Amino acid sequence: MAKILIAEDDTSMCHFLAMALKRAGHDVEACEDGLTALAALEKETDFDMLLADIVMPGMDGIELSQKATALLPDLKVMFITGFAAIALGERNPDHNNAHVLSKPFHLKELVDQVETLLAA
């Protein structure tokens, strides 16, 4: 079981992500945006993984991941987005090897890829 922080501004999507990961046995904290997620990371430092939407208001997932891995260097990062390659591109040289899951996806696919990333 891993402790996973979700940052997703779509309330329904956030709910489904959290539900799927909880059913898979993970401890999940869900946040509605990058700023709230960063505050959670600053408060609790025992997260194993960050699952972040790339496009969010306030602080996007890329900036969040950069700040998060500065706080927790061993934190695994997975991005979810409808804009995969375009969103990462040149903006994010530190996360060229970050895992990106493109929307739409099945919740089973999410759980499987989370498990693979956590095992790596």
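The values are calculated or read from the model by the stated rules, or taken from the named source; none is laboratory data. Fair warning: this is a prediction, and the values are worked out from it, not measured in the lab. So basically every Cβ, Gly included, is an ideal-geometry build from the backbone, and we count neighbours across all protein chains shown.
Scan the stretch 102-120 residue by residue and report those that are more than 13 Å from the chain's Cα centre (by Cα), closer than 20 Å to Met1 by Cβ, surrounded by 11 or more Cβ atoms within 10 Å (Cβ to Cβ) and hydrophobic (A, V, I, L, M, F, W, C). Within the stretch 102-120, just Leu107 meets the criteria.
Residue pairs whose Cβ atoms lie under 7 Å apart, separated by 6 or more positions or on different chains, with the first residue in the stretch 11-34 and touching a residue at least 12 places away in the same chain (Cβ under 8 Å) and under 15 Å from Val111 (Cβ atoms) and the second in a loop (DSSP other than H, G, I, E, B) and among the acidic types (Asp, Glu), are Leu17/Glu8.
Looking at Thr81, is it within 21 Å of Met1 (Cα to Cα), among the polar types (S, T, N, Q) and either surrounded by 15 or more Cβ atoms within 10 Å (Cβ to Cβ) or at pLDDT 95 or above (or both)? No; evaluated as a whole, the condition is false for this residue. For the stretch 29-48, the set of residues classified as in a strand (DSSP E or B) and either polar (S, T, N, Q) or surrounded by fewer than 20 Cβ atoms within 10 Å (Cβ to Cβ) (or both) consists of Glu29 only. Checked against (1) under 20 Å from Thr116 (Cα atoms); (2) under 13 Å from the mean Cα position of the chain (by Cα), Ile62 meets all criteria but (1).
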